[in-house]
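Chemist: Once you've had a glance at the structure underneath, I'll fire off some questions.
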Amino acid sequence: MSISLHYLYVVLTAFTVGGLIVFSERWHGRFTGDYDLNKPQASHKVSTPRVGGLAVFAGTLAGLLVWGKPDNMTLHWLWPALFVASLPVFGAGILEDITKDVGAGKRLIAAFISAAMAWWFFGGVSRVDVEWLDYIFSFWPISLIFTVVAVGGCTHALNLVDGMNGLASMVSVLMSISLALVAYQVGDMAVFTIALSMASAIVGFFVWNFPFGRVFLGDGGAYFIGFILAELAVLLVMRNPSVSPFYALAVLFYPVFETLFSIWRRKFKRGVPVDQPDALHLHQLIFRRLVRSAFDREGRASAPYLCNALTSPYLWVLTLVNLVPATLFWDNALLLCAGMLLFSSVYIWLYSRLVKWRCPRWLLLPSIFQKR
């Protein structure tokens, strides 16, 4: 089997499982459906299965079965261990998708457990290219605590941007491709193969999620993808000294910044608990103030579907503001920090304009979507 067919096999596996979830909804929808349409962060109009993570999990597992052969001992050992480490956080996410009764705190603890297992298997953060910090990280308890918090936090962060059709999934594809490209440049074919397989599996799911949202990624999918990507970023830096430690942060910076900004916004601006859901994430503001308002003025019946789908590309482009320089300058800490600073500045500028209803005209939908 050629290399391209390997990845096609991953795509088709995820696509098939996603299709099975969609067409069997009548039998499982009362358990797996996201039927709470009144929660603050909801943007869909009908109950939709939220176990799309099973498709991504199945696709990546298919990649493991194809690629993890004994003739490649590094990949043969690394990938199964990574899957085992992901089980606690993936399981907690799937349970939440089905029971709707696994709180954010419990899911975060599951993410920490998965991160601790990965640290046990592979080791953790041991350098940040700052001499005195590298000395501190040489002590294993410090490395363990920092790695668990960092990987667990990044895992949890991806779930915050899973709010629109195709948003979290395409952002994850872009991050996976970045990891694969950098891994290829430094000759780390194990990380390259896993990252590209992850991207392929998400693409198989993406077909069912975008633009019409036939199935959602759910907590299981978001946590599973977030954990794998965070751990791959750590492994890439650990296994390749030429890769700057700042790249591990830069490649995941959008969900990380979204999380930190949301904590600051809730705690210090609104004075509410940081884990209280709201409808003030950037993608929700874009949905209401850049996209839906244009359709509402035109009175189009198809607005709910089109609005949701047309929101995500704004964030895909925003992600690339930092992700492109991160992929190009993966060995340059200064330029990586500059890319993250640029992203933060654009994010805050756009957020402040949307909050004040001062939407830049050039960001409004093209006239082709307006009634003549």
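Chemist: Report the residue count in the stretch 1-24 for those that are at pLDDT 90 or above, surrounded by 11 or more Cβ atoms within 10 Å (Cβ to Cβ) and either in contact with a strand residue (DSSP E or B) (Cβ under 9 Å, 6 or more places away or on another chain) or over 26 Å from His281 (Cβ atoms) (or both).
Modeler: Count: 16.
Chemist: I need the full set of residues from the stretch 243-276 which are more than 19 Å from Met175 (Cα to Cα) and among the polar types (S, T, N, Q), in order please.
Modeler: Ser262, Gln276
Chemist: Could we say that Val317 is assigned to a helix (DSSP H, G or I) and either buried (at least 16 other Cβ atoms within 10 Å of the Cβ) or at pLDDT below 80 (or both) here?
Modeler: When the stated conditions are applied, Val317 does not pass them.
Chemist: OK, next. How many residues does the stretch 86-128 hold that are in a loop (DSSP other than H, G, I, E, B) and under 20 Å from Leu232 (Cα atoms)?
Modeler: Final tally of qualifying residues: 6.
Chemist: When Phe205 is evaluated against the numbered criteria (1) at pLDDT 95 or above; (2) within 19 Å of Leu235 (Cα to Cα), which criterion, by number, is the only one it fails?
Modeler: (2)
Chemist: Same structure, new question: Scan the stretch 256-286 for residues that are farther than 23 Å from Met340 by Cα and touching a Gly at 6+ places or on another chain (Cβ under 8 Å) and jot them down.
Modeler: Across the stretch 256-286, the qualifying residue is only Asp275.
Chemist: Restricting the search to the stretch 81-108, which residues are closer than 11 Å to Gly220 by Cβ and of a type in the set (Lys, Arg)?
Modeler: The answer is Arg107, and nothing else.
Chemist: Restricting to the stretch 179-215, count the residues that are closer than 25 Å to Ile98 by Cα, within 16 Å of the chain's Cα centre (by Cα) and open to solvent by 40 Å² or more (accessible area, probe 1.4 Å).
Modeler: Going through the stretch 179-215 one residue at a time, the tally reaches 2.
Chemist: Which of the residues spanning the stretch 338-348 are within 13 Å of Leu285 (Cβ to Cβ) and either open to solvent by less than 10 Å² (accessible area, probe 1.4 Å) or aromatic (Phe, Trp, Tyr) (or both)? Working first, answer last.
Modeler: Our first condition is that a residue be within 13 Å of Leu285 (Cβ to Cβ); within the stretch 338-348, this holds for 347-348.
Correct list: Tyr347 only.
Chemist: Let me ask something else. Looking at (1) touching a residue at least 24 places away in the same chain (Cβ under 8 Å); (2) β-branched (Val, Ile, Thr); (3) assigned to a helix (DSSP H, G or I), which is the one condition that is false for Ile145?
Modeler: (1)
The values are calculated or read from the model by the stated rules, or taken from the named source; none is laboratory data. Only a predicted model underlies this, so the values are computations on that prediction, with no experimental measurement involved. Every residue, glycine among them, receives a Cβ derived from its backbone with ideal geometry; neighbour counts consider all protein chains shown. Heads up: the accessible areas ignore ligands, DNA and RNA and are worked out on the full protein's heavy atoms, side chains in. Shrake-Rupley method; radii C 1.70, N 1.55, O 1.52, S 1.80 Å.
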